[in-house]
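Let me begin by presenting the structure, written as structure tokens, before commenting on it.
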Amino acid sequence: MGAKLSFSSGQMRLSREKLRCNCQYREDFVQKTDARILQELQTDSGQSIAQIAEKVSLSTSACHRRIKALEDTGVIIGYSADLSARALGLRLQAFVEIRLSEQSQQSMERFEEAARSFEEILSCHLLSGDSDYMLRVAARDLDHFDRLHRDCLSQLPGVLSMKSSFSIREVKAWSGYPVSLD
């Protein structure tokens, strides 16, 4: 294949640069299409592939291939159902700041392993700043949180101090990661 393709009628010439431009357009289309697929899946992962395909203007098979590629590359790491904490009787959310007595690798690994073992700890984040970790915990009420504090949080290894704050109300619920269409 040469660097240039020439057409005698209309003096149309297509250079490699133009081909690259067309490929770039294709990459942008794929990225925007993938972003739209991801938005749809985050909004409702229970939709059929046919429903998603229709919304993003793809064939069902093309949409399935794109979703599979997003799974294979680790962009999509799983599917889950959003549950209502209130319907489950979990009316209290607490955010617990943790300071460790030492920040050695071994101390942090022990703490993190223990935090992962308690299902009552919904999330655990290593932080910068004054606190070492931030935990999110859900409980039925203050009595239930007190039991979680005694039976779970106080059992975490290497904890120097804990500071709990209770959510009065959720202003914005997490609904997925931002997926850019730009």
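The values are calculated or read from the model by the stated rules, or taken from the named source; none is laboratory data. This structure is a prediction, so every number in the text was calculated from the model and none was measured. Cβ atoms come from the backbone with ideal geometry, glycine included; neighbour counts cover every protein chain shown.
Side notes on the structure shown:
- Of all residues in the range 103-136 being closer than 12 Å to LEU160 by Cα and at pLDDT 95 or above, the one that is nearest to the chain's Cα centre (by Cα): TYR133
- Unmet criterion (only one of (1) within 30 Å of LYS32 (Cβ to Cβ); (2) acidic (Asp, Glu); (3) at pLDDT 95 or above) for ASP141: (1)
- Cβ pairs under 9 Å, 6+ apart, first in the range 35-61 and on the phi > 0 side of the Ramachandran plot and loosely packed, with under 15 Cβ neighbours inside 10 Å, second of a type in the set (S, T, N, Q) and not in a loop (DSSP other than H, G, I, E, B): SER57/THR33
- Qualifying residue in the range 37-51 (condition: farther than 28 Å from ALA173 by Cα, modelled with pLDDT of 95 or more, of a type in the set (Val, Ile, Thr) and assigned to a helix (DSSP H, G or I)): no
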